[in-house]
1. For Leu441 and Ser33 in one chain, what is 0.36 nm times their gap in residues minus the Cα-Cα distance, to one decimal in nm?
2. For region 391-405, take each phi angle, set θ = phi - 60°, evaluate the Karplus expression 6.51 cos²θ - 1.76 cosθ + 1.60, and give the result in whole Hz per residue in order, putting x for glycine and proline.
3. For an R0 of 25 angstrom, estimate the FRET efficiency from the Cβ-Cβ distance between Val588 and Leu526 and round to the nearest 0.05.
4. Which listed residue (Leu356, Leu443, Ala422) has the Cα farthest towards the positive end of the charge dipole for region 334-481, taking +1 on Lys and Arg C-beta and -1 on Asp and Glu C-beta about the Cα centre?
5. Using label points projected 7 Å from each Cα along Cα→Cβ, tell me how many nm separate Arg506 and Ile367, to one decimal.
6. Give me a comma-separated list of calculated 3J(HN,Hα) values for region 414-431, in order, Karplus coefficients 6.51, -1.76, 1.60 applied at θ = phi - 60°, integers in Hz, x for any Gly or Pro.
7. Beta carbons within 10 angstrom, averaged per residue: use that to sort the peptides 286-298, 219-231, highest first.
8. With a ≥ b ≥ c taken as the square roots of the eigenvalues of the C-alpha gyration tensor of region 334-481, please select rounded if a/c is under 1.5 and otherwise prolate if a/b is larger than b/c or oblate if it is not?
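Throughout, read-outs are computed from the coordinates displayed, never taken from laboratory work. Note that the structure is predicted; figures quoted are calculated from it, not measured. Note that each Cβ is placed from the backbone with ideal geometry, even for glycine, and that neighbours are counted across all protein chains shown.
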Amino acid sequence: MTTSIDPALVARLSGEFTSVAGDFTTLGGRLNSLGRDLEALHRQMRGAAPGTAGTSAPAAPGAVAPKTAEPAAPPIAAPTTEPAAAQIPSPATTPDAAGTPGARGGDPAGIPAGGPAPAGHAPWGVPAAAAGQQHWPVPPPPPHSRYAGAYPIYRDRPPTPPPVPPGRGPAGPAAPRIPWWQREGVISRLLAVAGVAVTLIGVVMLLVLAAQAGIFGPVPRVVAGAAFSAALVGAGVRVYRRTGGRVGGVALAATGFAGAYLDVVATTTIYDWLHPVPGFAVALGVAAAGVGLAMQWRSQTLAVLVVAGAAVLAPFVSTELSVLAFLIVLQLACVPVQYAYDWPYLHLVRTVPAVLAVQIAVVAAAIGTDDPGRNLLVLTAAVAVAVVGVGGTVVVVRHRAGDIVATLTCALAATPLLAAPALFDRPAATAISSGYALVLLSLAATALLPKVREIARLPGHTATVAAVAGSFALLETLWGVTTEATLSLGLFLVAACYLGIAGRTRNRVAVAAGAGYAALGGLALLAVAGPDTLSTAGIAVDELSAGTAASAIAGLGVIAVALWGCGRFTAPRPPGGSTDSRATLVWVGGSVAALYLVTATTVSLGVTSGIADGFVVGHSIATIVWMAGALAALLYGLRRLSGGTATAAKVALGSGLSVTAAALAKLFLFDLATLDGLVRVTAFLVVGVLLLIAGTRYARAFAESGARRTDSGSSAGPH
């Protein structure tokens with residue numbers, strides 16, 4: 001099968017393609033001419049701009065002069081002379097910055113492009129001077145528009161003024177401030193709070209004063225209080241659902257729940273109708289219902305009014321110790337609220353009343369008669385406050401790490417149990433404080449161990465509070481297990497542990513705790529081995545003991561650990577850099593403290609050794625040890641100086657020279673007058689030999705340093 005092609009069809013298609021090609025060629029020529037005309041129009045528009053009116057740029061060679069045409073819009077109402085079409089660009093043919101025709105646009109007022117302008121207004125895109133001085137404001141183009149730099153009306157336009165702030169006129173003064181009593185909701189809230197307070201006071205009068213005056217019987221009083229509270233809660237729920245009834249509904253409901261709580265307190269403590277345990281359970285249910293409604297309404301005000309009203313007025317209903325339990329019930333009932341919502345005022349209101357009440361009970365029990373049963377109840381209340389406060393904080397901060405108020409409530413709740421051991425004798429108080437210190441310091445230690453920290457997830461502020469409270473509890477434990485002679489020993493050992501942890505982990509809280517314990521240990525040592533004791537033989541024999549020597553040795557260990565940790569905390573400095581002031585302070589202070597501790601150690605050992613001249617021998621050994629330490633510091637500094645470590649060398653040399661001066665002063669001012677016989681001779685001979693060694697090594701070190709500088713200078717000279 002063959003297919004034939006019609007030659008006539010092929011010829012006709014070829015002719016049509018040839019005609020289309022010719023049309024495109026003609027269109028190209030017209031577009032070229034249109035471009036030249038638009039270029040000439042653009043130059044004429046620039047010549048007609050303000051400041052250059054009446055001048056025009058010469059036309060480009062070969063450009064075709066535009067023809068005069070009728071205006072694109074009919075005359076406006078004001079008698080003006082419309083410019084020719086050659087002077088007014090048509091929106092359809094306005095060139096952009098690249099010289100190409102732009103897109104057709106419309107006026108911001110809704111006037112179409114090329115359409116008539118309203119009376120008194122110039123056509124869109126026409127300067128006011130070209131429109132008969134009709135000052136129609138030209139809107140600025142968008143910042144991303146390609147026309148922003150093409151037209152003189154945009155290029156010469158002044159900058160747009162900044163937006164006017166709300167409440168101010170273009171140049172007017174600030175709007176007058178509304179007085180607080182005229183602001184919306186202020187008076188209504190004040191009236192609501194006042195109504196809650198007055199109503200709850202009336203409930204207390206019904207429950208207490210009516211009973212004292214014999215008005216009504218116990219049953220009518222309790223039933224009336226319960227019915228009145230229930231009616232207030234029901235009215236509050238009903239009012240809350242109405243428009244604008246939030247404030248009134250919250251006030252009524254809060255009054256009802258607080259009144260019901262006070263009614264339960266009176267039923268349990270005044271009339272003894274409920275055993276304390278069921279009474280506490282009913283009170284917990286009432287408080288839970290109140291804060292539950294507050295959570296449903298998302299109203300912190302409702303929860304605060306319920307807790308504050310019940311907590312403040314409960315002591316007026318009864319002054320028995322059972323009131324402490326009712327306050328702790330309020331503290332416990334709000335823990336779920338603290339976990340769900342960050343309501344800081346509620347957390348403070350639920351914690352402060354319980355803490356203050358327990359602290360007052362501790363003070364009252366301490367200054368009152370010794371009642372073991374009452375003391376045990378107060379201790380139980382302190383333990384309960386600490387458990388609810390610390391445990392609730394741990395639960396909350398694991399869920400919301402940035403809750404600082406939760407940590408503050410933990411700090412407040414931890415204080416009653418720190419004061420409660422004062423109610424018991426020494427063994428029991430030591431057991432209470434040691435157990436409390438173990439719990440708190442264990443919580444604080446979770447922040448130091450990486451793996452445990454990931455599991456515990458306690459933030460730093462909570463760990464800091466636990467560490468501080470645990471340190472106080474540990475101090476109480478040391479006070480209970482030590483005597484006057486060994487108290488400084490225990491304090492120094494704890495200080496060394498804290499400073500060691502600080503040097504290992506670079507924890508500033510541990511540094512502060514270690515420094516505090518070291519300072520207390522130094523004060524305790526001075527109370528036993530003061531300057532008068534160390535300088536007088538008779539007092540030294542009576543006061544100093546082996547425990548004093550052990551405490552002084554422990555103090556030397558604290559200084560060593562502090563100097564080691566200071567090196568880890570001090571930022572490294574370049575060779576030849578300035579000495580760190582903190583390092584210098586620690587070294588100087590450590591040197592002075594070490595001199596005293598060495599003297600206390602040697603004199604205590606000499607006195608307790610039983611030899612005849614133990615006091616004198618101890619002082620001579622102290623002088624020799626002073627000079628030996630100074631020699632060691634000087635040798636260390638000279639070695640560091642030759643090695644290029646200027647910072648450490650300066651600190652060590654300064655400390656060594658200071659100790660040398662102190663040793664010489666002691667040798668001539670004290671030992672020469674106190675020591676006698678062979679002991680004095682030995683002290684002078686040993687100190688003199690050590691001074692000779694120090695001077696010889698000092699001179700050799702500087703001679704070697706000068707020789708090295710000379711060699712380096714000669715090697716750097718010309719060959």
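1. 137.7 nm
2. Each residue of region 391-405 in turn: x, x, 5, 4, 5, 6, 5, 5, 8, 9, 5, x, 7, 6, 5 Hz.
3. E(calc), rounded to 0.05, equals 0.85.
4. The residue sitting farthest along the positive end of the dipole is Leu443.
5. 5.0
6. Working through the residues one at a time gives 7, 6, x, 6, 6, 8, 5, x, 5, 7, 10, 6, 4, x, 5, 4, 5, 5 Hz.
7. 286-298, 219-231
8. Cα axes put region 334-481 in the oblate bin.
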